[in-house]
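Undergrad: Before I ask anything, here is the structure I am working with.
The values are calculated or read from the model by the stated rules, or taken from the named source; none is laboratory data. Predicted model only: the values in this text are computed from it and were never measured. Counting neighbours? That spans all protein chains shown, and the Cβs are built from the backbone with ideal geometry, glycine included. SASA here: full protein model, heavy atoms, side chains in, ligands and nucleic acids out. Shrake-Rupley method; radii C 1.70, N 1.55, O 1.52, S 1.80 Å.
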Amino acid sequence: MNRRIYHFNYRFDEWVFLPVVNGYRYITPGFVRTGVTNFFNNLGDVPNLFNSVLQLKAKRSAEITARLMFNTIIGVGGLWDPATKMGLARQSEDFGQTLGYYGVPEGPYIMLPILGPSNLRDTTGLVVDYAGEQAVNYLDMADTANDHPEITVLKAVDKRYTTNFRYGQTNSPFEYEKVRYVYTQARKLQIAE
């Protein structure tokens, strides 16, 4: 099943996602794309903050709080990223990492349609992070996105635009196994940090 979903993702990426991303890159000026990415990264700092707090990472939680404040206030809702220039690098924490931090096993490897590699623990984390974003409704984004589905589409296009991975880039018949291995090891490293 995972291999079939991987093949579906490969074709979806090739025939739908990448052409849309290339069109987005072609018609949208660089500074606008950067602003869109910064805005969605700023929204993503809310679940990053909650998960850092849940993992008892006091210093990281303080840095993410400062990032949120600087980027929301000085960066006009996150369109600019002054926090990075101030030395506050973007952190990435999710509920899957939080569960791993507390010793929840990863469970079986799962290839999710369109979203890509995951495992049972991280898929649960995705659901919890999504529910948290909807509940917090930071900058009224969840309610606005419900009324304007094009915002969700823009977020998906931006996420794919900023993801460097391309299906078939290893040009190997064992690419599925490589992706599975790299994902699994990367998640272990992210939980350990």
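Undergrad: Run down the lysines and flag those whose C-alpha is under 23 Å from the C-alpha of K85, throwing out any fewer than 8 positions away in its chain.
TA: Here the lysines satisfying the reach criterion relative to K85 are K57, K59, K159.
Undergrad: Excluding M111 itself, what net charge comes from residues whose Cβ is under 11 Å from its Cβ, given Lys and Arg +1 and Asp and Glu -1? Write down the numbers at each step before the final one.
TA: On the way: positive: R3, R4, R180; negative: none.
That works out to +3.
Undergrad: Is it possible to state the helix-based mean residue ellipticity at 222 nm for the chain, with each DSSP H run of 4+ residues giving -39500 (n - 2.57), the sum divided by total residues, to the nearest 500 deg cm²/dmol? What is it?
TA: About -20500 deg cm²/dmol.
Undergrad: Still on this structure: Subtract the Cα-Cα distance of R11 and L112 from 0.36 nm times their separation in residues, and report this length gain in nm to one decimal.
TA: Residue separation times 0.36 nm, minus the Cα-Cα distance, leaves 35.0 nm.
Undergrad: Any idea how far the Cα center of the stretch 1-53 sits from the one of the stretch 126-149, in Å?
TA: Cα centroid of the stretch 1-53 versus Cα centroid of the stretch 126-149: 17 Å apart.
Undergrad: How much area per residue is accessible in the stretch 1-102 when the probe is 1.4 Å and only protein heavy atoms are counted (Å²)?
TA: That works out to 56 Å² for each residue.
Undergrad: How charged is the neighbourhood of F39? Take every other residue with its Cβ under 10 Å from the Cβ of F39, and add Lys/Arg as +1 and Asp/Glu as -1.
TA: Its environment carries a net charge of -1.
Undergrad: How high is the relative contact order of the chain, in percent, with contacts defined as C-alpha pairs under 8 Å that are six or more residues apart?
TA: 25
Undergrad: May I ask you to compute the full-extension gain from V76 to N2, defined as 0.36 nm times their residue separation minus their alpha-carbon distance, rounded to one decimal in nm? List each step's numbers first, then the result.
TA: Details: separation 74, 0.36 × 74 = 26.64 nm, distance 4.18 nm.
Contour length minus Cα-Cα distance gives 22.5 nm.
Undergrad: Oh, and also: Across 5 Å bins from the origin, how do the percents of Cα pairs in the chain run, short distances first?
TA: For the chain, the pair-distance distribution reads 1, 7, 13, 17, 19, 19, 14, 7, 2, 0.
Undergrad: Of all the stretches in the chain, which is the longest one without any exposed loop site, taking chymotrypsin sites (Phe, Trp or Tyr not before Pro) in a DSSP loop (any state but H, G, I, E, B) with at most 14 other Cβ atoms within 10 Å?
TA: The segment 1-101 is the longest one with no such site.
Undergrad: Between A89 and V182, what length in nm is gained on full extension when 0.36 nm per residue of separation is reduced by their alpha carbon distance?
TA: Extending this stretch completely gives an extra 31.1 nm.
Undergrad: If you average 1/r over all unlike Cα pairs in the stretch 1-74 and invert the result, what Kirkwood radius do you get in angstrom? Intermediate values should be presented prior to the final figure.
TA: Details: mean 1/r = 0.0660 Å⁻¹.
In the stretch 1-74 this quantity evaluates to 15.2 Å.
Undergrad: Quick test of the membrane-span-like rule: which DSSP H helices of the chain reach at least 18 Å along their long axis (C-alpha atoms) with mean Kyte hydropathy at least 0.0?
TA: Membrane-span-like by this rule: 30-54, 120-136.
Undergrad: Percentage of Cα-Cα pair distances in the stretch 100-193 greater than 19 Å, rounded to whole percent? Write out the running numbers ahead of the final one.
TA: Values: 2406 of 4371 pairs.
More than 19 Å apart: 55 percent of the Cα pairs in the stretch 100-193.
Undergrad: Follow-up question, since we're still on this one. For F31 and V104, what does the FRET efficiency come to when R0 = 35 Å and r is the distance between their Cβ atoms, rounded to the nearest 0.05?
TA: Details: r = 41 Å, r/R0 = 1.18.
Computed FRET efficiency for F31 and V104 comes out at 0.25.
Undergrad: Oh, and also: Ignoring ligands, DNA and RNA, what percent of the accessible area of the chain is carbon or sulfur (1.4 Å)?
TA: On the way: 7490 of 11360 Å².
C and S atoms contribute 66 percent here.
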